[in-house]
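Trainee: Submitted below is the structure of interest, expressed as structure tokens.
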Amino acid sequence: TLQRIVSTLVNKNDEIHNFIDMLNHTISNVQVNSSNAISELDEEFDGLYSVLHEMKGSMANTIQQEEARKIQALQDQLSQCSRALESSEELLELAVQSLDIKNPVELLEAARQIKDSVTVASAFRLSLKPKVSDSMTHMMVDFALEKRMLQAVKFLPVPKAPEIDVASCLVADNCITVSWRMPEEDSRIDHFVLEYRKTNFDGLPRLKGEQRWELVDYIKATQYTLSGLKFDTKYMNLRVQACNKAVAGEYSDPVTLETKAFLFSLDSTSSHLNLKVEDTYVEWDPTGGKGQEKIKGKENKNSNTASPKRSTNSPRASARGGRDRFAGESYTVLGDTAVESGQHYWEVRAQKDCKSYSVGVTYRNPGKFDQLGKTNSSWCIHINNWLQTTFSAKHNNKAKTLDIPVPDRIGVYCDFDGGQLSFYNASSKALLHTFRAKFTQPLLPGFMIWCGGLTVSTGLQVPSAVKTLQKTENGLGGSTSSLNNA
């Protein structure tokens, strides 16, 4: 008990030390960020001053142009008046002189000339009103509204943390759709940032032993779909933050979504000797059997030590109950993880030169000479490309021909609790065949290959299209194959 208390205290001390370090680091960051904020504030105001200075210069230039235009118009009018006045003064002097003429005839002639000159004199055609006013009030500006706007300028508020709507989040078909909402409407939100990471722990994220956060930036909507994932862990941590033009807000409370991945590898320790097996790949090897049998016989003859691959201390060997390798014409390899409950999905891609292969499931511990689909404890679909292509569903040594094209990839959907095994075209999600059976034992994925190779993809979610087809089929009661168990 004392040791447990001491251990607890040590852990608590470590946490406090880490928290103190974090606080000191935060203080340092506050100082640096404050200095950066002041620098950015100076830049913003310098930019504003620059804009105002440029506007002042432009407006002053406009006033000067208006001044020049008015003065030019008035000077032109002044010149016209000066010329008219000079002409009028000359005519007036001539008229005064004419008054001194004594000869009536000469006086009449002079008066007639003066009259004609006065009639066409420019002085009588002048407008004695300035063409432009001396007012420049129309060039004045009113910055009252702008002043009020500037006085109302405040620091842009930090956005509140979004709230992830777990009920609206969807995990399907190797995708996760995350939905969130703001606690209150904020028109200044520019975009959102989503962070996610894989984990094997349920609940809140842990501080140690976690993968780093992956980031998706500049999301404009309030939901986002992460696609192309491989669910090689059990859960996914997710969090979201809102950002305006200036600052990012706090992250939302993180949520953990279960991905329900079904992962398995191919069990090389129990595969047929003519098969070369890697984690998710199996290939036909016509020389493997003879070469390995010779080595195996030599080892058995010269040594009493069991082969490491055959050791019953191996976890995989224990899981399959110490079963021997497949032999004879049962060119089979099984998965190392059994389906014991739930709904699971995996896919298989065959090489183009495969002559014959089967994809299905079987109960544990089949006979070493058993072939998939030829016993009452195994179910499969079989493709034979020898001479001509045949496509069939097999169970209990009975075959049903499938009159449809063979797809490049085959999807396997196993609903253990619902007693259903379905095969799909993995590309189009079109249903190929469905077995219905009451499964009484755990099921192992099984693969048979002759001349060619198979690649298995695991850790896949049940595609949404498959789920939709299952609901439709179950709603209609589903068709029961003649190969299915009662």
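The values are calculated or read from the model by the stated rules, or taken from the named source; none is laboratory data. Just so we're clear, the structure is a prediction, and the values are computed from it rather than from any experiment. Cβ placement follows ideal geometry from the backbone for every residue including glycine, while neighbour counts extend to all protein chains displayed. When the accessible area is computed, the model is the full protein with side chains, heavy atoms only, and any ligands, DNA or RNA have been set aside. Shrake-Rupley method; radii C 1.70, N 1.55, O 1.52, S 1.80 Å.
Trainee: Just wondering, is there one or more residues in region 457-475 that are modelled with pLDDT of 90 or more and part of a loop (DSSP other than H, G, I, E, B)?
Mentor: no
Trainee: Moving to a separate point now. Where the second residue is polar (S, T, N, Q) and the first is closer than 30 Å to ASP42 by Cα and lies in region 152-179, which pairs have Cβ atoms under 9 Å and are six or more apart or on separate chains?
Mentor: Correct list of pairs: LEU156/ASN244; PRO157/ASN244; VAL158/ASN244; PRO159/GLN241; PRO159/ASN244; ALA161/GLN241; ALA161/SER252.
Trainee: Condition test on MET139, is it in contact (Cβ under 8 Å) with a residue 60 or more places away in the chain and surrounded by 15 or more Cβ atoms within 10 Å (Cβ to Cβ)?
Mentor: Considered against the rule, which asks whether it is in contact (Cβ under 8 Å) with a residue 60 or more places away in the chain and surrounded by 15 or more Cβ atoms within 10 Å (Cβ to Cβ), MET139 comes out as no.
Listed here are the residues, each with its yes/no results for (1) modelled with pLDDT of 50 or more; (2) out of contact with any Asp or Glu (no Cβ under 7 Å at 6 or more places or on another chain).
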residue	(1), (2)
TYR218	yes, yes
LEU229	yes, yes
ARG239	yes, no
VAL247	yes, yes
THR256	yes, no
PRO286	yes, yes
GLN292	no, yes
PRO308	no, yes
PRO315	no, yes
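Trainee: Further, regarding this structure: Which of the residues spanning region 159-189 are among the acidic types (Asp, Glu) and surrounded by 13 or more Cβ atoms within 10 Å (Cβ to Cβ)?
Mentor: If the condition is that a residue be among the acidic types (Asp, Glu) and surrounded by 13 or more Cβ atoms within 10 Å (Cβ to Cβ), then GLU163, ASP165, ASP173, ASP186 are the ones that fit.
Trainee: Conditions first: (1) closer than 21 Å to ASP253 by Cβ; (2) of a type in the set (Phe, Trp, Tyr); (3) modelled with pLDDT under 90. PHE192 passes all but one, so which condition is the exception?
Mentor: Against the list (1) closer than 21 Å to ASP253 by Cβ; (2) of a type in the set (Phe, Trp, Tyr); (3) modelled with pLDDT under 90, PHE192 comes up short only on (3).
Trainee: State all residues of region 25-68 that are touching a residue at least 40 places away in the same chain (Cβ under 8 Å) and either open to solvent by 80 Å² or more (accessible area, probe 1.4 Å) or of a type outside the set (A, V, I, L, M, F, W, C) (or both); if no residue qualifies, say none.
Mentor: Answer for region 25-68, where residues must be touching a residue at least 40 places away in the same chain (Cβ under 8 Å) and either open to solvent by 80 Å² or more (accessible area, probe 1.4 Å) or of a type outside the set (A, V, I, L, M, F, W, C) (or both): THR62, GLU66, GLU67.
Trainee: So, in region 229-245, exactly how many residues are part of a loop (DSSP other than H, G, I, E, B) and buried (at least 16 other Cβ atoms within 10 Å of the Cβ)?
Mentor: Adding up the residues that qualify gives 5.
Trainee: Moving on. Collect the residues in region 425-444 that are within 13 Å of GLU473 (Cα to Cα) and of a type in the set (Gly, Ala, Ser), keeping them in residue-number order.
Mentor: The answer is ALA430, and nothing else.
Trainee: A further question follows. Hey, can you tell me all the residues within region 86-128 that are surrounded by fewer than 12 Cβ atoms within 10 Å (Cβ to Cβ) and part of a loop (DSSP other than H, G, I, E, B)?
Mentor: LEU99, ASP100, LYS102, ASN103, VAL120, ARG125, SER127, LEU128 - these are the residues of region 86-128 that are surrounded by fewer than 12 Cβ atoms within 10 Å (Cβ to Cβ) and part of a loop (DSSP other than H, G, I, E, B).
Trainee: Also, I was wondering about something else. For region 377-396, does any single residue satisfy the condition of being open to solvent by 80 Å² or more (accessible area, probe 1.4 Å), in the same structural domain as GLY446 (by the TED database), free of Cβ contacts under 8 Å to residues at least 60 places away in the same chain and among the polar types (S, T, N, Q)?
Mentor: Checked region 377-396: at least one residue is open to solvent by 80 Å² or more (accessible area, probe 1.4 Å), in the same structural domain as GLY446 (by the TED database), free of Cβ contacts under 8 Å to residues at least 60 places away in the same chain and among the polar types (S, T, N, Q).
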